[in-house]
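Student: Just passing along the structure, written as structure tokens.
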Amino acid sequence: MPVTTLVYFPTMQGVVQVYDPATGVGIIVREDTRQKVFLRPGSLSGSIFLMLRQGQRVNFDLETEQGIDYAKRLRFGSDGY
């Protein structure tokens, strides 16, 4: 069985590109690098969000698993710089 390595990064900010509330799957685009970060089922667990809308700004913790970036612990984002 392969070993799964989880790597955590500090809080990131991004914008929701797409979110499917039926499956819990979506994509957030990071503001700093414009790279895509994936939402998987359960990503909203423990957050204040029940669903997300396209264009919504969010803060999140980044978790990398087997080379794929996932968002977790979503919070409201800030429009200020």
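Student: Would you mind working out the magnitude of the charge dipole of region 8-76 relative to its Cα centre, with +1 at each Lys and Arg C-beta and -1 at each Asp and Glu C-beta, to the nearest 20 Debye? If you can, show how the numbers build up before the last one.
Tutor: Details: 9 positive and 7 negative charges, 39 e Å.
So the magnitude is around 180 debye.
Student: If packing is taken as the average count of other Cβ atoms within 10 Å, what order do 25-35, 48-58 fall into, highest mean first?
Tutor: In descending order of packing, they fall as 25-35, 48-58.
Student: Using a simple spin-label model with points 7 Å from Cα along the Cα→Cβ vector, what separation in nm is obtained for Arg73 and Val25?
Tutor: Here the modelled spin labels are 2.6 nm apart.
Student: Now for a separate question. Per residue, how big is the convex hull around the C-alpha atoms of region 8-76? Give it to me in cubic angstrom, could you?
Tutor: 77 Å³
Student: What nm value, rounded to one decimal, do you get for the distance between Arg34 and Arg57 when each label is placed 7 Å out toward the C-beta?
Tutor: Once both label points are built, they end up 1.8 nm from each other.
Every number here is computed from the coordinates shown, using simple stated rules; none is lab data. The structure presented is a predicted model; accordingly, all values stated were derived computationally and were not measured. Because the Cβ atoms are built from the backbone with ideal geometry, glycine has one as well, and the counts that use them run over all protein chains shown.
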